[in-house]
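To start, the structure under review is shown below, and the notes come after it.
The values are calculated or read from the model by the stated rules, or taken from the named source; none is laboratory data. Only a predicted model underlies this, so the values are computations on that prediction, with no experimental measurement involved. Virtual Cβ from ideal backbone geometry, glycine too; neighbours counted across all protein chains shown. Remember, those area values only see protein heavy atoms, side chains included, never the ligands or the DNA or RNA. Shrake-Rupley method; radii C 1.70, N 1.55, O 1.52, S 1.80 Å.
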Amino acid sequence: MSGSTSEIVKDDADLAARLADAAGKILLQVRASGLIGGKALGKAGDVTANQFLINALREQRADDGLLSEESKDTEERLSKSRVWIIDPVDGTREYGEERTDWAVHIALTVDGAPAIGAVALPGLDLVLRSDQPAPLPAAGEPLRMVVSRTRPAAEAVAVAEAIGAELVPMGSAGAKAMAVIRGEADIYLHSGGQFEWDSCAPVAVAQAFGLHCSRIDGSPLVYNQADTYMPDLLICRKEHAEMVLEKVKAAAQAA
């Protein structure tokens with residue numbers, strides 16, 4: 001029996017979306033097996049999805065750099081202009097608890113900027129893509145700020161109180177960012193520390209949909225750094241950005 005030749009996907013945005021979708025389906029199959037549960041399910045999902053994504057990217061984009069939460073990092077990517085940054089399961093806890101607020105992140109950075117992204121929300125059978133933006137739903141009245149369901153950041157709570165925003169608890173970073181795009185929230189403010197794979201794909205998608213994305217001091221988000229830690233993040237509608245940044249600054253001065 002002769003081996004089949006895999007298809008090479010030439011378009012980067014199509015590749016990102018197909019990878020996110022396929023990894024999401026794999027994760028759902030692992031969970032639906034009913035053979036693993038809890039933390040063991042989360043670990044199995046991480047390993048299985050990562051194995052698929054790493055092998056697929058090595059075959060599809062052998063010359064590009066790669067950074068994954070679930071693989072050992074190397075300095076090789078730092079010399080590359082094009083680097084894929086992925087999170088096979090963003091929200092492992094939510095995935096293991098059979099919730100829907102978890103995601104798969106696939107991003108391509110070019111010279112440190114998030115150029116292309118796809119975020120799959122497998123529990124909702126949805127993939128949001130940077131190359132397929134759509135108009136944003138109307139803003140909420142009052143505004144809604146999405147925060148961690150287990151440990152809301154103090155800055156986010158303080159800013160929400162200052163602007164009269166309602167808090168919307170949610171799981172993964174990707175789910176929170178996509179909630180702003182989908183009209184379930186208006187502001188995602190995080191200051192509890194993340195890593196590049198937590199925000200790169202969501203930021204690529206959010207920017208394509210016309211949202212403001214920055215650090216909470218207003219500075220730009222830069223990826224493919226030697227230190228992958230990213231302390232904070234703001235994703236919101238552009239018309240709310242100045243107000244939120246001012247309130248963040250005021251909260252920091254009052255602390």
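Values for this structure:
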quantity	calculated
Inter-label distance, nm, simple model (7 Å from Cα along the C-beta direction), D125/L78	4.6
Area of E7 that stays accessible when all protein chains are in place (1.4 Å probe, Å², to 10)	110
Accessible area, probe 1.4 Å, largest first, for residues C200, C213	C213, C200
Rounded to 10°, Cα long-axis angle of helix 12-32 versus longest principal axis of the chain	90
Loop-located trypsin sites (Lys or Arg not before Pro) in region 1-96, at most 14 other Cβ atoms within 10 Å (DSSP)	K10, K72
Sparse-neighbour loop sites [GluC sites (Glu not before Pro); region 92-199; at most 14 other C-beta within 10 Å; DSSP]	E98
Principal semi-axes in Å for the chain [√(5λ), Cα gyration tensor, largest first]	31, 20, 17
Relative contact order for the chain, counting Cα pairs under 8 Å that sit 6 or more residues apart, in percent	18
Accessible area in the full protein assembly, largest first, 1.4 Å probe, for T48, T109	T48, T109
Lysine pairs with alpha-carbon atoms under 26 Å apart, the chain, spacing 8 or more or separate chains	16
S6-A22 pseudo-label distance in nm [points 7 Å out on the Cα-to-Cβ vector]	0.6
Pairwise label distance in nanometres, A113 with K39, each label 7 Å out on the Cα-Cβ vector	4.3
Surface per residue (accessible, 1.4 Å probe) for the chain, Å²	47
Exposure rank, largest accessible area first [M243, M145; 1.4 Å]	M243, M145
